[in-house]
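Each value in this text was obtained by applying a stated rule to the coordinates, not by laboratory testing. This is a predicted model, so every value here is computed, not measured. Cβ atoms come from the backbone with ideal geometry, glycine included; neighbour counts cover every protein chain shown.
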Amino acid sequence: MTDFITYGIIVLVAVVVFAIAGKSKSKWGINLKRVYCPVCGAKQPIVRWPQNQQQFLWGGTTCPKCHANLDKYGNVIP
Ligand SMILES: [Zn+2]
């Protein structure tokens with residue numbers, strides 16, 4: 001029973017930390033919303049195949065329409 005409570009607290013803390021990280025749009029956040037390309041407005045696919053190391057590590061995508069580099073929140077990476 002004590003173990004169950006301990007795991008519950010750990011999970012809760014992890015969820016809160018990720019929620020805060022996502023809100024502040026940090027690298028550590030997770031973004032589950034669909035992203036639209038700010039350049040051409042194309043909807044980005046949910047399942048993304050990383051095309052470089054940065055996308056592999058931190059998420060993000062390359063727009064299939066205009067090939068702009070986007071982070072996982074839909075901002076253009078210069
Ligand atoms: Zn685009």
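Counting charges near Gln55 (Lys, Arg +1; Asp, Glu -1) among other residues having Cβ under 10 Å from its Cβ returns a value of +1.
Report summary: the helix-based calculation at 222 nm, which adds -39500 (n - 2.57) for every DSSP H run with n ≥ 4 and divides by the residues of the chain, gives -11500 deg cm²/dmol. Phi angles across the stretch 55-63 convert, under the Karplus curve 6.51 cos²θ - 1.76 cosθ + 1.60 with θ = phi - 60°, into 3J(HN,Hα) values of 5, 5, 7, 10, x, x, 7, 10, 4 Hz, Gly and Pro given as x. Counting only other residues whose beta carbon sits under 14 Å from that of Ala19, what net charge do I get with K and R as +1, D and E as -1? In short, +3. I need the calculated FRET efficiency for the pair Gln51 and Lys25, taking r as the beta carbon distance and R₀ as 22 Å, to the nearest 0.05. Calculated value: 0.55. Listed by chain and number, the lysines whose alpha-carbon sits under 17 Å from that of Lys43, ignoring those within fewer than 8 places in the same chain, are Lys33, Lys65, Lys72. When the square roots of the Cα gyration tensor eigenvalues are ordered a ≥ b ≥ c, the ratio a/c for the stretch 33-78 is 1.5 or more and a/b exceeds b/c, which makes its shape prolate. The length gained by stretching the chain between Phe18 and Tyr73 to full extension, at 0.36 nm per residue less their Cα-Cα distance, is 18.4 nm. Mind pulling the angle between the C-alpha long axis of helix 2-23 and the longest principal axis of the chain? Nearest 10 degrees, somewhere in 0 to 90. It works out to around 30 degrees. Each 10 Å bin from zero up to the one holding the largest Cα-Cα distance in the chain carries the following percent of pairs: 19, 40, 22, 13, 6, 1. In this structure the amide hydrogen of Gly60, modeled in the peptide plane, comes within under 5 Å of the amide hydrogens of Lys72, none closer than 5 places in sequence on its chain. Absence of a disulfide-compatible partner, taken as no other cysteine beta carbon within less than 4.7 angstrom, is noted in the chain for none of its cysteines.
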